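Each value in this text was obtained by applying a stated rule to the coordinates, not by laboratory testing. Because the structure is predicted, anything quoted here is derived from the model rather than measured. Cβ atoms come from the backbone with ideal geometry, glycine included; neighbour counts cover every protein chain shown.
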Amino acid sequence: MDAIKADLKNKKSITGKKVILENVYFQQSSSNMLPNASPTLLEVVRFLAENPMLKVKINGHTDNVGKEHSNKHLSFLRATVVMNFLINRGISEDRIIAEGFGSTFPIRPNDTESNKKQNRRVEFEIL
């Protein structure tokens, strides 16, 4: 997120930039966030509160376990969980949309549990 903040300060375009929300992970086959997600999401809340004109899309992703149709639905649920966290802390819902991509955009091979955990992620994208 530091790069986006620097670009904003330097009046550079940030439209389309994405930030993986580090430490916002989910249990396998679940939309239950792991407990260490709150500090990262509270940082996003502060960032959006300080930049009230920004709109973001929350992108949900899964590992490749299961059927892709189910993974797309699950990734949407995960993005929605994050979106609701932001809304429940004062960010206007008209500034946020959620989308699920299933396992179509992995950031690591799905060959170990550690890599799969990293693929079960959310990111935000500046609109």
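3J(HN,Hα) couplings calculated from phi for the stretch 44-61 with the Karplus curve 6.51 cos²θ - 1.76 cosθ + 1.60 (θ = phi - 60°) are, in sequence order, 5, 4, 4, 4, 5, 5, 6, 10, x, 8, 6, 10, 9, 10, 8, 9, x, 9 Hz; Gly and Pro show x.
Peptides 10-21, 60-71, 109-120, 92-103 ordered by packing proxy, namely the average of other Cβ atoms within 10 Å per residue, highest first: 60-71, 92-103, 109-120, 10-21. Remark: the stretch 1-62 projects, on average over all directions, an area of 4.6 nm² (convex hull of Cα atoms).
When the helices in the chain are scored as -39500 (n - 2.57) per DSSP H run of 4 or longer and the sum is shared across all residues, what 222 nm value do you end up with, to the nearest 500 deg cm²/dmol? Before the final figure, lay out each step's value.
Details: 4 runs with 49 residues, N = 127.
Helix-only estimate at 222 nm: -12000 deg cm²/dmol.
For the stretch 3-12, the Karplus equation 6.51 cos²θ - 1.76 cosθ + 1.60, evaluated at θ = phi - 60°, returns couplings of 5, 5, 4, 5, 5, 4, 4, 8, 6, 8 Hz by residue, with Gly and Pro reported as x.
Put simply, the amide H of Asp63, placed in the peptide plane, has neighbours under 5 Å in Arg120, leaving out anything fewer than 5 places away on its chain. Put a plus charge on the Cβ of each Lys and Arg, a minus charge on the Cβ of each Asp and Glu, and nothing anywhere else: the dipole of the chain about its Cα centre is then about 200 debye.
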